[in-house]
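Novice: So that we are looking at the same thing, I have put the structure below in structure tokens.
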Amino acid sequence: MFTGLVEATGTVVSLLEKGEQASLVVEIPFAHELALGDSVATNGCCLTVASLDENISFDLLAQTLKVTSLGGLEKGKKVNLERALAVGDRLGGHFVQGHVDDTGTIIDLSPMGQDYRLEVALPKSVHSLCIDKGSLCIDGISLTIAELTDESAVFWITPHTLKATHLGEAMMGQRVNLEADLLAKYVKKLVQPG
């Protein structure tokens, strides 16, 4: 379980394809505090520490590569990182599982005064789980939906969030991982017939 509050950014060292799977190696600022088997949300996807060399290695399953944007990472790219929530920690974002529902596309990231306007095109599967002022996790960042259009969600990004996450380097057309609010998923399942 995570909060969607990005703890740090890391840098991709390599992404090595292994058939239908892959190995992702990331330079992580808090690597010395990790142990084998620890969970680290990487761009919002819960990954398990597979090796502790100079950098941290994660195994990416075929399903992970299919559902997330992680397969498109390149050497030198920044990724958002968050360690799993410890019992007793403050929950400042919202409940995030690190289970990516689908990907969306950044269609706007522009300055508006001191803040930034971020608009992400959403697939129908995620859009149906969103409401105005609800939560949506974008690449591991817990964000509040400021406006929900017919095909996208608009967010207002503070200068701190832009600086503390990989959004400072984000580009138009970039794929991002999306995780809808956990409660929305349960409610949808409960009200669906059959």
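The values are calculated or read from the model by the stated rules, or taken from the named source; none is laboratory data. The model shown is predicted, which means the values in this text are computed figures rather than measured ones. Heads up, the Cβs are rebuilt from the backbone with ideal geometry, glycines too, and the neighbour counts pull from every protein chain shown. Accessible surface areas use protein heavy atoms only, side chains included; no ligands, DNA or RNA. Shrake-Rupley method; radii C 1.70, N 1.55, O 1.52, S 1.80 Å.
Novice: Enumerate lysine pairs in region 52-194 that are 8 or more residues apart or on different chains, then count those whose Cα atoms are under 25 Å apart.
Specialist: Taking the Cα cut-off of 25 Å, the pair count is 18.
Novice: Which order, highest average first, do 47-59, 135-147 follow once you tally other Cβ atoms within 10 Å for each residue and take the mean per peptide?
Specialist: Per-residue Cβ counts within 10 Å, averaged per peptide and sorted highest first, yield 135-147, 47-59.
Novice: With an 8 Å Cα cut-off and a minimum separation of 6 or more residues, compute the relative contact order for the chain in percent.
Specialist: Dividing the mean separation by the residue count of the chain yields 25 percent.
Novice: Using the beta-carbon distance between Ser14 and Gln97 and R0 = 35 Å, what value does 1/(1 + (r/R0)^6) give for FRET efficiency, to the nearest 0.05?
Specialist: So the FRET efficiency works out to roughly 0.85.
Novice: Right, another one. How large is ³J(HN,Hα), in whole Hz, for each residue of region 20-32 in order, when computed from phi with the Karplus curve 6.51 cos²θ - 1.76 cosθ + 1.60 and θ = phi - 60°, using x for Gly and Pro?
Specialist: 7, 10, 7, 10, 10, 10, 10, 7, 10, x, 9, 4, 5
Novice: If you line up the long axis of helix 182-191 against the longest principal axis of the chain, both from Cα atoms, how many degrees apart are they, to the nearest 10?
Specialist: Value to nearest ten degrees: 60.
Novice: Equivalent ellipsoid semi-axes for region 45-155, as square roots of 5 times the alpha carbon gyration tensor eigenvalues: give them largest first, rounded to whole Å.
Specialist: After diagonalising the Cα gyration tensor, the semi-axes are 26, 17, 15 Å.
Novice: In addition: Rounded to a whole number, what % of the accessible area of region 39-194 do carbon and sulfur atoms account for, probe 1.4 Å?
Specialist: The value for region 39-194 is 54 percent carbon and sulfur by accessible area.
Novice: Taking the Cα-to-Cβ direction at Lys124 and at Val187 and moving 7 Å from each Cα, how far apart do the two end points lie in nm?
Specialist: Once both label points are built, they end up 2.1 nm from each other.
Novice: From the helices alone, meaning DSSP H stretches of at least four residues, give me the mean residue ellipticity at 222 nm for the chain, per-run term -39500 (n - 2.57), in deg cm²/dmol to the nearest 500.
Specialist: -3000 deg cm²/dmol, from helical runs alone.
Novice: Additional query: So how much slack lies between Glu27 and Thr149, counting 0.36 nm per residue of separation and subtracting their Cα-Cα distance, in nm?
Specialist: So the extension gain works out to 40.2 nm.
Novice: Tell me, what HN-Hα J-couplings in whole Hz come from the Karplus equation 6.51 cos²θ - 1.76 cosθ + 1.60 at θ = phi - 60° for each residue of region 142-149, using x for Gly and Pro?
Specialist: 6, 10, 9, 6, 7, 8, 10, 8
Novice: If Arg83, Arg90, Arg175 are ordered by their accessible area, calculated over protein heavy atoms with a 1.4 Å probe, which sequence runs from highest to lowest?
Specialist: Arg90, Arg175, Arg83
Novice: In terms of solvent-accessible area of protein heavy atoms at a 1.4 angstrom probe, what is the ranking of Asp108, Asp150, highest value first?
Specialist: Result of the area sort, largest leading: Asp150, Asp108.
Novice: Per residue, how much accessible surface does the chain expose to a 1.4 Å probe? Answer in Å², no decimals.
Specialist: Per-residue accessible area for the chain comes out at 53 Å².
Novice: If I build a Gaussian network model for the chain, linking alpha-carbon pairs within less than 10 angstrom, which residue out of Glu82, Glu17, Glu33 has the largest mean-square fluctuation?
Specialist: Among Glu82, Glu17, Glu33, the largest GNM mean-square fluctuation belongs to Glu33.
Novice: I'd like the Karplus ³J(HN,Hα) series for region 107-123: coefficients 6.51, -1.76, 1.60, θ = phi - 60°, whole numbers in Hz, and an x wherever there's a Gly or Pro.
Specialist: 10, 7, 8, 9, x, 9, x, 8, 9, 9, 9, 10, 10, 10, 6, 10, x
Novice: Compute the length gained on full extension between Asp89 and Met171: take 0.36 nm times their separation in residues and subtract their Cα-Cα distance, giving the result in nm to one decimal.
Specialist: 26.2 nm
Novice: Same structure again: Taking amide H positions as placed 1.01 Å from N in the peptide plane, with prolines and chain starts having none, which residues 5 or more places from Thr165, or on another chain, fall under 5 Å of its amide H?
Specialist: Close amide H contacts, sequence-distant or interchain: none at all.
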